[in-house]
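Report on the structure given below.
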Amino acid sequence: MKPGMLLADVFLHPGELWFGGDNARVRTILGSCVAITLWHPRRRIGGMCHYMLPESTNRKACASDGRYAADAIELLCGKIAHHRTFPGEYEAKLFGGGHMFLPLKREAGKFPPVPDRNVAAARELMARHGFRIVAEHLGGHGHRSIIFEVCSGDVWVRQTPLPEEP
C-alpha cells in the first residue's frame with residue numbers, strides 16, 4: 001500500500017467473500033460460522049470468506065453458494081486462479097466455529113454440532129486444496145470480531161464469551 005492511501009473498509013455478511021489488493025481492511029463477526037483469510041505475502045493480495053454451514057442438505061442450484069464451506073473455498077480458488085497464483089503460495093488463517101449456547105447434554109449418536117462441523121470442514125478443505133494454515137482461533141464459546149488488513153496479512157481477533165448461567 002502506498003503511503004497516505006486510505007484503506008477501503010469491507011464488511012462481510014454470512015455467505016459473502018472478498019478478494020483483492022492491499023488497499024482494504026476486511027471485517028466480519030462470527031458465531032458458529034467460520035471465516036478463512038488467505039494472504040499472498042509476495043503479491044500482497046488476499047481474501048476472506050465467511051461461511052455458515054459445512055455443507056448444504058438440499059442442493060438444487062448449480063451455482064456456488066458462499067454460505068457453504070466447499071463452495072466458499074471454490075469461489076476463493078477461482079479468484080486465486082484469476083490472479084495467476086496458486087493455493088500453496090497463500091498463508092491461511094482460520095477463525096470462528098464458536099458455540100453460541102451454553103453446553104447441553106448431547107444425546108449419543110447425534111451429529112456433532114454445527115460449529116464443530118464447520119471447523120472440521122475448514123481444516124479438511126485447506127488440506128485438500130494445498131493451503132498452508134499459519135494461524136487459527138477456533139471453537140470455544142461466544143462470538144468473534146475479525147479484522148483482516150490485506151496490506152500486511154495481519155488479522156485481529158476479539159472474542160466475546162457467553163455470559164455465565166444465572
- Scanning for something open to solvent by 30 Å² or more (accessible area, probe 1.4 Å) and of a type in the set (Val, Ile, Thr), does the stretch 39-48 turn up at least one residue? no
- Residues of the stretch 122-132 being more than 12 Å from the chain's Cα centre (by Cα) and free of Cβ contacts under 8 Å to residues at least 60 places away in the same chain, in sequence order, are Glu124, Ala127, Arg128, His129, Gly130, Arg132
- Could you tell me whether the stretch 132-152 includes any residue that is among the charged types (D, E, K, R) and in contact with a helix residue (DSSP H, G or I) (Cβ under 9 Å, 6 or more places away or on another chain)? yes
- Note on the structure: Residue pairs qualifying under the 8 Å Cβ cut-off, at least six apart or on distinct chains, with the first in the stretch 51-63 being within 23 Å of Ile146 (Cα to Cα) and the second being of a type outside the set (Gly, Ala, Ser) and at pLDDT below 75, are none
- Those residues of the stretch 39-86 which are outside any loop (DSSP other than H, G, I, E, B) and over 26 Å from Ile29 (Cβ atoms), in sequence order: Ala81, His82
- For the stretch 112-135, the count of residues that are open to solvent by less than 40 Å² (accessible area, probe 1.4 Å) and assigned to a helix (DSSP H, G or I) equals 7
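The values are calculated or read from the model by the stated rules, or taken from the named source; none is laboratory data. For clarity, every value in this text was computed on a predicted model and none was experimentally measured. With ideal geometry, Cβ positions are generated from the backbone for all residues, glycine too; neighbour counts draw on all protein chains shown. The accessibility values were calculated without ligands, DNA or RNA, using every heavy atom of the protein model including side chains. Shrake-Rupley method; radii C 1.70, N 1.55, O 1.52, S 1.80 Å.
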